[in-house]
Amino acid sequence: MSRTLLAERLRRLEQSGVLERRGGARGKRTEYRLSPAGRELQPIIDLFGEWGARWAFGTPRSNELDPIILLWWMRRRVAFDRIPRRRVVIQFDFRGAPQRSYWLLIDRTDVSVCLKHPGFEVDVILTADIAMFYQVWLGRLSLVDAIRKNHVRLDGAPADSRALPTWFTWSPMAETVRAAFTDRRTTSHRATSTNSPSMKSSAARIAS
């Protein structure tokens with residue numbers, strides 16, 4: 001999202017009474033915080049999120065698996081206070097992507113998505129199928145579980161590999177998405193079992 005579009009949306013939310021603008025002192029950033037009306041919207045937003053997780057979050061099509069967009073989403077959710085050094089470089093080796101490697105260059109206050117090696121030592125290499133990592137980011141599978149099941153591999157210093165899952169503030173809807181996805185798979189499995197020939201035969205015998 002461009003700065004111009006973001007500023008326009010913030011102004012509209014402020015004018016609608018959802019946000020309150022707090023001008024910072026000279027040299028400091030302007031802050032936007034939820035107003036009382038905005039805080040009252042939270043349960044409604046949560047309900048929309050739960051509905052979307054249950055009914056609207058389909059599996060991305062192959063032409064929607066864009067690694068640059070994925071890394072741009074991740075860029076916006078870096079937990080700067082958990083980054084252990086002044087600079088961290090993560091290399092992403094995605095199978096099924098247009099090119100093999102991509103990088104996130106994380107500084108104290110900014111994150112860059114790089115299509116070429118940024119020129120600094122790589123701290124962690126994350127290897128995964130692009131479709132599988134989309135599932136992780138969308139919340140259908142936690143990164144910890146993906147690593148445990150060998151869907152994702154981390155190569156780097158042990159401390160960095162262990163800490164990497166905490167370097168990002170994963171979507172607040174991730175747990176809801178996982179629960180809805182599990183529920184949908186369970187429902188689908190039950191429906192398949194009910195419609196199987198053996199179940200129909202058993203039902204016929206019971207009815208007779």
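The values are calculated or read from the model by the stated rules, or taken from the named source; none is laboratory data. Every value quoted in this text rests on a predicted model; they were computed, and no experiment measured them. Glycine also receives a Cβ, built like all others from the backbone with ideal geometry; neighbour counts cover every protein chain displayed.
Given the structure, is residue 120 part of a loop (DSSP other than H, G, I, E, B) and of a type in the set (A, V, I, L, M, F, W, C)? Yes, satisfied.
Do we find that residue 127 is in contact with an Asp or Glu (Cβ under 8 Å, 6 or more places away or on another chain) and either outside any strand (DSSP E or B) or at negative phi (or both) in this structure? Taking the combined requirement at face value, the residue satisfies it.
Working only within the range 33-69, note down all residues that are surrounded by 14 or more Cβ atoms within 10 Å (Cβ to Cβ) and modelled with pLDDT under 80. Correct list: 49, 50, 52, 53, 54, 57, 60.
Would a scan of the range 102-112 turn up a residue that is surrounded by 19 or more Cβ atoms within 10 Å (Cβ to Cβ) and of a type in the set (Ser, Thr, Tyr)? Checked the range 102-112: at least one residue is surrounded by 19 or more Cβ atoms within 10 Å (Cβ to Cβ) and of a type in the set (Ser, Thr, Tyr). Can we say residue 105 is in contact with a Cys (Cβ under 7 Å, 6 or more places away or on another chain) and part of a strand (DSSP E or B)? The answer is yes for residue 105.
Residue-by-condition table, conditions (1) more than 15 Å from residue 132 (Cα to Cα); (2) free of Cβ contacts under 8 Å to residues at least 12 places away in the same chain; (3) among the basic types (Lys, Arg); (4) part of a loop (DSSP other than H, G, I, E, B):
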site: 70; (1), (2), (3), (4): no, no, no, no
site: 86; (1), (2), (3), (4): yes, no, yes, yes
site: 93; (1), (2), (3), (4): no, no, no, no
site: 99; (1), (2), (3), (4): yes, no, no, yes
